[in-house]
Amino acid sequence: MNLFVKFSIIFTAAVSGHVAAVAQQKRMQYRNRVADTVVLVNTQEKEPKVKGPQPLTREHSVGFRANTDGWNLYYNYGIIKKNDGAKHEIDRFFDVLFLQLEIGEKRHPKEARDFTYDGNAGFKNPILSVFSTDMFRFGKINTFYQAKLGVGYKKLIAGKPEPRTVSIHWSTVGGLTLGLLKPYYFLSGTGDVVKLTPEDAVTQLNTTRFVGGYGFRKGWDELKVVPGIHLRSGLKFDYADKRKRVAGVEVGLNMEGYFQKIHQMALQDPKSFFLNAYATFEIGWKK
């Protein structure tokens, strides 16, 4: 083997060994850096997500209200508002902002059936004369209905509305009122249909023999509208046995004011302000 070939072999071997040594050194350095690095690995198992019931956001209810001077029927549309607890507990700790529509009738304290009138003695309450053909409200001038639109807020003050528990809310509602006055018609002994007027009530009562009421159907074409406002506040007790149900009673006070005086009964002063106590029974549902 000549000298050039030997030199080439020796040079190639030297270069190859140097390259291998450098590569080995880099690999060791890389491994050393990896070995010196602290890697945090979370080995805790993730808890499975448990889906709870969807939060309740709306409330619908209907109710009957017995007043000391009449009655009302109403419908509530409510928006449930969280006031405590986590998001998924919105239906356990809640207030309600609601819109209320209602209709009703207001009666005068002196209004009663089967009344007769004696000009000297005033109102009496014996059995009607033999000429009576129908029960009626003697001395009544107008039937007084109301249509109301109100906005209210129901604030949770005690308890939790869970199944088989009772929650207590403070409920307040106020808004606009339309008083609807429909003339009350009578049948006279001569067969005529008559109505009383505030100006001539005394004369009419002394000169006309009333034998009955004409009925509900007459007088709607003479309906008079009197605007006003109302405010009502009371305690509501919700005892619904299901999460999505509404069932409760409410007691409180109601005030109404009208921009004109209301004539309801003859020989009685007209009024523009009314105050009454009430008790309500309500049922409904949440979603």
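The values are calculated or read from the model by the stated rules, or taken from the named source; none is laboratory data. As the structure is a computational prediction, the values presented were derived from the model and not from experiment. FYI the Cβ positions are ideal-geometry reconstructions off the backbone, even for glycines, and counts take in every protein chain you see. Accessible surface is based on the protein model in full, side chains and every heavy atom, while ligands, DNA and RNA are left aside. Shrake-Rupley method; radii C 1.70, N 1.55, O 1.52, S 1.80 Å.
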Next on the checklist: Given the condition farther than 14 Å from residue 143 by Cα, of a type in the set (S, T, N, Q) and touching a His at 6+ places or on another chain (Cβ under 8 Å), answer yes or no: does some residue in region 155-167 qualify?
Outcome noted: no
Checklist outcome for this item: Every listed condition ((1) at pLDDT 80 or above; (2) in contact with a Leu (Cβ under 6 Å, 6 or more places away or on another chain)) holds for residue 114 save (1)
Checklist entry - Can you name every residue in region 142-157 that is modelled with pLDDT of 95 or more, crowded, with 19+ Cβ neighbours inside 10 Å and among the hydrophobic types (A, V, I, L, M, F, W, C)? => result 144
Checklist entry - Name the residues in region 235-263 that are basic (Lys, Arg) and surrounded by 15 or more Cβ atoms within 10 Å (Cβ to Cβ), would you? => result 236, 245
Checklist entry - With (1) modelled with pLDDT of 75 or more; (2) touching a Ser or Thr at 6+ places or on another chain (Cβ under 8 Å) as the list, and residue 90 as the residue in question, which single condition is left unmet? => result (1)
Next on the checklist: Would you confirm whether or not region 239-251 contains a residue that is more than 17 Å from residue 153 (Cα to Cα) and β-branched (Val, Ile, Thr)?
Outcome noted: no
Checklist entry - If you scan region 163-202, which residues turn out to be under 30 Å from residue 94 (Cβ atoms) and surrounded by 14 or more Cβ atoms within 10 Å (Cβ to Cβ)? => result 166, 167, 168, 169, 170, 171, 172, 173, 174, 175, 177
Checklist outcome for this item: Restricting region 196-231 to residues that are in a strand (DSSP E or B) and at pLDDT 85 or above, the one farthest from residue 280 (Cα to Cα) turns out to be 224
Checklist entry - So is residue 266 more than 27 Å from residue 175 (Cβ to Cβ), open to solvent by less than 40 Å² (accessible area, probe 1.4 Å) and among the small types (Gly, Ala, Ser) or not? => result yes
Checklist entry - Quick one: how many residues across region 203-227 are of a type in the set (Val, Ile, Thr) and surrounded by 13 or more Cβ atoms within 10 Å (Cβ to Cβ)? => result 3
Item to check | Pairs, first closer than 30 Å to residue 284 by Cα and in contact (Cβ under 8 Å) with a residue 60 or more places away in the chain in region 243-264, second among the aromatic types (Phe, Trp, Tyr) and assigned to a strand (DSSP E or B), C-beta under 6 Å, six or more apart | outcome: 244/285; 254/278; 256/274
